[in-house]
Structure formats: structure tokens, C-alpha cells
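Each remark here refers to the structure printed beneath this line.
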Amino acid sequence: MTFTRKDLLGMRDMEAGEIRHILNTAASFREINTRAIKKVPTLRGKTVIHLFYEPSTRTRISFEIAAKRLSADTYSVGTSTSSMVKGETFFDTLKNLEAMKPDLFVIRHSASGTPQRLARRTSAAVINAGDGMHEHPSQALLDLLTIQDHKGHLDGLTVGIVGDIAHSRVARSNIWGLNKLGSRVIACGPPTLIPHDLQQMGVEVSHRLEDLVPDLDVLMVLRLQKERQEQMLLPSLREYATYFGVTEAKLAGAKPELLIMHPGPINRGVEISSEVADGGRSVILDQVTNGVAVRMALLYLLLHREEETA
Amino acid sequence: MDLLLRNARVIDPANDRDQTGDVLVSAGRIADIAPRLEVGPERLASVTVLDLTGNWLVPGLIDMHVHLREPGDEYKETIASGTAAAAAGGFTTVACMPNTKPVNDCAAVTQFILRRAEETGSCRVLPVAAVSRNLEGRQMVEVGDVRDAGAVALSDDGRPVMSAQLMRRALEYASRFDLPIISHAEDLELARGGQMNEGAVATQLGLHGIPTAAEAVMVARDCLLAEWTGGRLHIAHVSCADSVRIIRTAKARGVSVSAETAPHYFTLTEDALVDYDTVYKVNPPLRSRKDLEAIKEGLVDGTLDAIATDHAPHSSVEKDIEFDAAANGMIGLESALPLILELLWDGTLTPAQAIAKVTVQPARILRQPYGTLTIGAPADLTVIDPDARYTLDQASFRSKGCNCPFHGREVRGRVVLTVGAGRVRFSR
Ligand SMILES: [Zn+2]
């Protein structure tokens, strides 16, 4: 399988074969991350610019580590979210960066669609590191890899995603990716946090966590932003925790081998109890570890492609 | 200079005319219309004769909803560039919305617009004044004063009149001056943060949705207030099936309500947004296929009286930025006619129905003597080559706006001549 994409923008337009190829490549990179000297020369001479227009710690560090372990030269540009800095628009800034001939942009932006629009204007490769409420494909890929590690396969699994589906790019990317690899996906949350016509993405919708728990092989728990109370979406975090917070009591009827996942950072006691987050079913730290390998694979595949055509 | 326009298909919905013949324009007015008109040799020197065989001759088009941006945002559009665009699009009259800087909320600004139109314009400009001072939704403008200065309607367009009390009082008070209130129907609470129509496409694109109810609840509120007060209400830019249904019901009850839609609402749907192209970002947003079909039905049965462009020019500074920060709005003056004609080619409307929606219908709503070819009326007329096939090209437009969503579209039917009050304002 050759990887022919210029960019990695989302899971929606990916094919199952491509996803498997990325997961296999990521698995093969994992070994580097366990060496005493965690660096290979694969991307020496390549320039990667990280554009982070939204606060982020773990995704940003994960991408930086991935690029550095492959010996790419990395630079970071980040500001608070603002379309206009010193009279220059965001796309003006990009035009200037583009003129410095980078090989790849990693972009996170609070406005949905910004990576897609960047990708159309640059000859460099673009990786979407999360855009608004739209997609976060590297997160979905590391989630898929983590499930595959533990279950051996993805087809035929039943995966629940519980929480603020409406505002979650992680949920959207996972719904597309899990569907393509043959999992059954059930989205769960209060009706105010389930977006209109979500079913058209190929997902079932439930408003009762306890009803779906017994069927699940995997439960992904989403972070709940505290602002949702002020936006008239929820009466209180307390009531949210009562009905949708994942606790040992709610998991009483679950399969013993159920996996608990969370994209982080977690709000202990709100969407997930500490018992569950730190318990035996939790694979939250495996997700973080796999994140580096998946991002190394993405950098390698997108930049390697260029080498072949040059 | 007088004009003798020969052998055109003359379509004048106000007078139930659709026949091939000649039109004589003299002293800025329609002097005569007949299957064959002759001018004596003594007058020939002072008459320009044009053979329009194969072309349609219709009353000069009227666009009752445009944004000319002057005063204040002249970098986006001026009265000169906007009216030049209007003339090139076949329009001889435009009504301009008051959300300029300063807002057109007093006689001085109304007079300024009329004076600039006189000095620099290429078509007639009818100012619409604000409902509330500075569009703040609190205190009414001096309605008699702006009416006497030349305002033809009142609207806080760009934003809704959120206070039901203010809307009620404005409908009542303005009825004394026979001015309609043009409602930009949008519940700001329901629409807050919205970037596009709420539904499957917004869900998949991860963009905050604006439900159709954000428009329809205000349409319903305003229809109820118009019924209660007896005031004259006009609903701007109707975009969805629910609004059409509510207006239809109100009309059946005898409420004094009229309504317009815009070409993009019967031509495009929310699916246009899949690539996050900000040229398709508009308020109200492009809706679903079902809504588009309902808009067409509303045009057919007359629920929607008029077609207006909501011409809203922006520069790249407002449009070539992140989607959630980009401004709403599309330009429309130079693409409207061929899009309206698409409703003829697909059999939705008859020529008389379609032409009426951009001529006599808006004229009646605004109580203006235009939009007809009645003998003695001001000689506003537009000549259309109905068979011209071409590609819409934004680069050829007179408008300063960069935001035409129809750039590159293959269309049929083009304006070849625009005459306003007897003067040639555009010819191709
Ligand atoms: Zn409006």
C-alpha cells in the first residue's frame, strides 16, 4: 500500500485500507519510543511548522515529540485565537510562512474548516490537529490503535461515546473511523448535547447510559466543558454527573473486558469518577503513549510521499 | 434624445401585456406602445431607433433590498459602484438598507444618500430608514421626518427588532405615515453563535447551526403584531418552509403582510458549504432542499411577492478569513436576473410572474409609481437577450464586492440595455 494523500484533514474522507495502513505504520514506530536514544534520522532536513491557534498542551507536545524523534526541524507559531493580528489576517500569516518553504504544517484552530482551507492554499502537507467542533483525526487514529491493541480487531465491536457529542471533534472523527472499520457506534448524552441529525453519520443515539452499558466493548468518555451550564445546555454539572458521569456503579452490568477511554484532560467527578479513570478498565495512558507513535506515522507517511514523487 | 425600441417582446405584468411590438420613449417617459410605431421624417433626427428583434423588453427592474455601504464602508461599495452594478444587472431602482455608518436614522443621512445618488448614481435610489435610532432597538426614529426626506420604508435590517413592544409600536406609528416596516426576522437568542443552517450538514461540518425556527418564530410574531395593529409589514429575505407557511396563513387571514426572497434561497442549499467556502456564508443561511422547494412554491402561489437580492458587498478582509469570523452576505445585483430566469427555464414561473416579482410587486409594496410600462410612466425599462448563454464572471462586475457565490455558473439570459427615466444607464 502506498500512501498518496497530500494532507490528513479528517477521518470522513479516509478509506478503511488507508486507516489500517496508518495503524500498522504507527505500530512499527512504537519500538523507537522504547529505545534509550529515541531518535532516528528519517525526516532529517524536513521542516515542520506547528500552528496552534487554540490552547493545547498534550496534542502539541505529542506532535513536537513525534517530529523531533524523526529528526525533523520544528517551529511553533501560536497565539490566542484571533483572526487579525496587527492588521494581518490568518491567511496572510500563512502566506508568509508558506514563502519560507516548510514541508508540513500541523494546525490546530478553533474555527472548523480552517485546516481544509489552509490545505487548498499550500503545497506543503497539512495535518489537522483539531479544528473547532469538526475533526481531530490523529486522536481518532490513536484511539483506534489503542482499541486494536487490546481487542485485536475493530470490526464487530460495540463502542459507546458518552458526553458532549455536539461540541466534540473527537466524537466526530471517531464515529467516522469506527464505522469504516466495522464497529457499531452508539452516541449517548442529554438531548441538548446531541447535534441535529447525528444519526445520518451512521451512529445510533441514546439518552440513557445505563441502557447501553451491557452491550459495550468500549466506552469513550468525553470531556465536559464547564461553560455548557451557562449556555442553557445543562442545569448543572452535578445533574450531568448523576445521569451521564461514568462511575463504577453505572458500570455494574458491563462486560468484564470493557475498555474505558478518554481523550483528556479529564474532569474527575464530572464525566468520569477517579475510580474508573484510574481503574483496571482504563486505557487512558495507553492512548497518550500511542499518540506519539500515530503522529510519527502520519509525519512519515505524508513526508515520505513527497520524497517518492521528487 | 428619444428612443424608438422596435420589435421586442414587450412583457409588462402590471398591464397584462405580453406581445411583440415597439416602444417609444420621449422626454423620459413611456410615450407609446403598439405593435408598430412610425415616426415621421421630421422627428427621425431626434430619435434613436434600435431593432430589438429576439429580445425581451420589460419594466426596469426594482431591487427592494440592497446594501450600498455608503456612507461609512466605501471600501466595500459606494453608491456609485453599487448603482453601476444595479444598472448592469438591469435594475433601474434599488432600495438601500440603513445599516451604514452612520446609520440612516435621520433626515440628514437620508438626504445625503439621495444627494450622492443624484451626483454619482446610475439608477434611482430609494432609502430605507431605520426603525430604531442607531439600530439599537430602543427608541423609534422620527418617522415623519425621514419620510419627508425621502425614506420609503423602515427597517433595522442586519439585525431584528428584538423587542416585540417596539415592533408593535413601530407598526402602529408608521401606519400614520403609510410606511411599511421591513422585518429582518431573526431571533438572536436562537441564532446565537450560528454559522449555517442547523441540520445534518452543520452537524457533520462541526459548525454551529441556526434553526429555521430562529426565523419562523419572528415571522409568526410579526404577522400577529401586524394583524393586531393593522400596520403594514414586509418580511425580508424569507429562507425557509416554515416562514412561507406562516406568511401564507397570515395572508389568508387578510393581514397586511408582503414578503420577499432572494435568488440564493431558490438556487443554493446548505450543501454548498461542504468546503467551508465563506462566499456561501449568509444570514439567514442557505437552507435544505425541502426549504428551497417551499420557497419556489411560495413564489408560484404568490405568498412571496417579490424577489430582492440582499446585495451585501464585502471585501476579502471580511471574507478571506476563518469561517466563524467571516462576515455574512453575498453580492447579487449582477447575477440576479439570469438566476430568476432559471425559474422560467425550469417551468416554475411564467415570464409575467417572474418579471412582476422584480418590477410591479416591489413597486406596490413601496408605493412607488415604477415597475410598469404604462403610457406616461417614467421610462424605466430593461432589455434582455433571453437566449444568451454565458458564464457569470465576478471579474467583469461593477460591484466592489468579492463575494459572488455564482461566479463560474453557466447561465442563460443577459441584460443588454438598461434605461432609467429615459436615459441609457447601461448597454452591452
Ligand atoms: Zn437582513
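Which whole number in µm²/s is D for segment B:302-428 by Stokes-Einstein, with the Kirkwood Rh taken over Cα pairs at 25 °C and 0.890 mPa s? For these conditions, the coefficient is 151 µm²/s. Quick one: grab the alpha carbon gyration tensor of segment B:78-130, order the square roots of its eigenvalues as a ≥ b ≥ c, and give me rounded if a/c is under 1.5, else prolate or oblate depending on whether a/b is larger than b/c. Because a/c hits 1.5 or more and a/b exceeds b/c, segment B:78-130 counts as prolate. Here the protein assembly as shown exposes an accessible surface that is 50 percent carbon and sulfur, computed with a 1.4 Å probe and the other protein chains kept in place.
Chain B packed on chain A takes about 2000 Å² of accessible surface away from a 1.4 Å probe, both sides summed. For B:I235, the residues whose modelled amide H falls within less than 5 Å of its own, excluding neighbours fewer than 5 places apart on the same chain, are B:S183, B:S258, B:A259, B:E260.
Just want the answer: with Cβ charges of +1 for Lys and Arg and -1 for Asp and Glu, which residue in B:L333, B:P211, B:T92 is farthest toward the dipole's positive end in segment B:60-365? Result: B:T92.
Skip the ligands, DNA and RNA, and give the accessible area per residue of segment B:20-178 with a 1.4 Å probe, whole Å².
38 Å²
For segment A:137-287, a Kirkwood radius taken over Cα pairs fed into Stokes-Einstein (4 °C, viscosity 1.567 mPa s) yields D = 86 µm²/s. Pairing the Cα long axis of helix A:137-151 with the longest principal axis of chain A, what angle in degrees results, from 0 to 90 and rounded to the nearest 10? Here the helix axis deviates by roughly 60 degrees. Let a ≥ b ≥ c be the square roots of the eigenvalues of the Cα gyration tensor of segment A:1-52; is it rounded (a/c under 1.5), or, if not, prolate (a/b larger than b/c) or oblate? Oblate. Stretched out straight at 0.36 nm per residue, the stretch from A:R58 to A:K101 would grow longer than its current Cα-Cα span by 12.8 nm.
In order along segment A:103-119, the Karplus-derived 3J(HN,Hα) couplings, from 6.51 cos²θ - 1.76 cosθ + 1.60 at θ = phi - 60°, round to 8, 7, 10, 9, 10, 10, 8, 6, 9, 4, x, 5, x, 4, 6, 4, 4 Hz, and Gly and Pro are given as x.
Note on B:M162: accessible area is roughly 80 Å² with a 1.4 Å probe, heavy atoms of protein only. As an exercise, use a Förster radius of 56 Å and the Cβ-Cβ distance of A:D73 and A:D155 to find the FRET efficiency, rounded to the nearest 0.05. That pair, A:D73 with A:D155, gives E of 0.90.
Once the chain from A:D211 to A:E88 is taken as fully extended at 0.36 nm per residue, the excess over their C-alpha distance is 39.1 nm. Backbone amide hydrogens, once placed in the peptide plane, bring B:L68 within less than 5 Å of B:M97, excluding anything fewer than 5 places away on its chain. Per-residue mean of foreign Cβ neighbours for A:112-121 is 5 (Cβ atoms of other chains, 10 Å radius).
Here the dipole of chain A is about 900 debye; that uses its Cα centre as origin and unit charges on the Cβ of Lys and Arg (positive) and Asp and Glu (negative).
The calculated Kirkwood hydrodynamic radius for chain B is 21.6 Å, given to one decimal from all distinct C-alpha pairs.
Out of all Cα-Cα pairs in the protein assembly as shown, roughly what percent, to the nearest whole number, are more than 46 Å apart? Tail of P(r) above 46 Å: 33 percent of Cα pairs. With +1 assigned to the C-beta of every Lys and Arg and -1 to the C-beta of every Asp and Glu, and no other charges, what is the dipole magnitude of the protein assembly as shown about the Cα centre in debye, to the nearest 20? It comes to approximately 1060 debye. Converting the Cα gyration tensor eigenvalues of segment B:377-424 into ellipsoid dimensions via √(5λ) gives semi-axes, longest first, of 24, 15, 7 Å. Of all beta bridges that DSSP places with both ends in segment A:1-120, some 15 percent have antiparallel geometry. Nearest 10 degrees, 0 to 90: what angle lies between the long axis of helix A:169-180 and the longest principal axis of chain A (Cα atoms)? Its long axis makes an angle of about 90 degrees.
Computed from point charges on the beta carbon alone (+1 for Lys and Arg, -1 for Asp and Glu), the dipole magnitude for segment B:60-365 about its Cα centre is near 860 Debye. Take each residue in B:197-203, count the other chain C-beta atoms within 10 Å of its C-beta, and the mean is 5. The B:R428 and B:R133 beta-carbon pair, evaluated with R₀ = 51 Å, returns a calculated FRET efficiency of approximately 0.75. By DSSP, the beta bridges lying fully in the protein assembly as shown are antiparallel in about 35 percent of cases. Using the Cβ-Cβ distance between B:A34 and B:Q111 with R0 set to 41 Å, the FRET efficiency from 1/(1 + (r/R0)^6) comes to roughly 0.50.
Compute the separation of the alpha-carbon centres of segment B:10-42 and segment B:122-178 and state it in Å as a whole number. Each part reduced to its Cα centre gives a spacing of 38 Å.
Note on segment B:44-179: along the principal axes its Cα atoms extend 59, 32, 24 Å, ordered by decreasing extent. Taking every DSSP beta bridge that has both ends in chain A, the antiparallel portion is near 10%. Residues whose amide H lies under 5 Å from that of B:T309, counting only those 5 or more places away or on a different chain, are B:M64, B:H65; hydrogens are built 1.01 Å from N in the peptide plane.
Hey, for a label at A:T247 modelled as a point 7 Å past Cα toward Cβ, could you say which residues of segment A:215-235 have their backbone N under 18 Å away? Residues passing the 18 Å test: A:221-222, A:224, A:235. Say the dipole of chain B comes from +1 at the beta carbon of Lys and Arg and -1 at that of Asp and Glu; which of B:V49, B:G121, B:C223 then lies farthest toward its positive end? Value: B:V49.
Projecting the Cα atoms of B:G371, B:T78, B:P351 onto the charge dipole of chain B (Cβ charges, centred on the Cα centre) puts B:G371 farthest toward the positive pole. Using the structure shown, list the pairs from B:K101/B:K251; A:K226/A:K250; B:K101/B:K400; A:K95/B:K319; A:K180/B:K319; B:K290/B:K357 with a Cα-Cα distance above 25 Å, or answer none. From the list (B:K101/B:K251; A:K226/A:K250; B:K101/B:K400; A:K95/B:K319; A:K180/B:K319; B:K290/B:K357), the Cα-Cα distance tops 25 Å for B:K101/B:K251; A:K180/B:K319.
The values are calculated or read from the model by the stated rules, or taken from the named source; none is laboratory data. In this text the structure is predicted, and so the values were computed from the model without any measurement. Glycine gets a Cβ as well: all are built from the backbone with ideal geometry, and neighbour counts include every protein chain shown. Ligands, DNA and RNA are stripped out before the accessible areas are found, and what is left, the full protein with its side chains, is counted by its heavy atoms. Shrake-Rupley method; radii C 1.70, N 1.55, O 1.52, S 1.80 Å.
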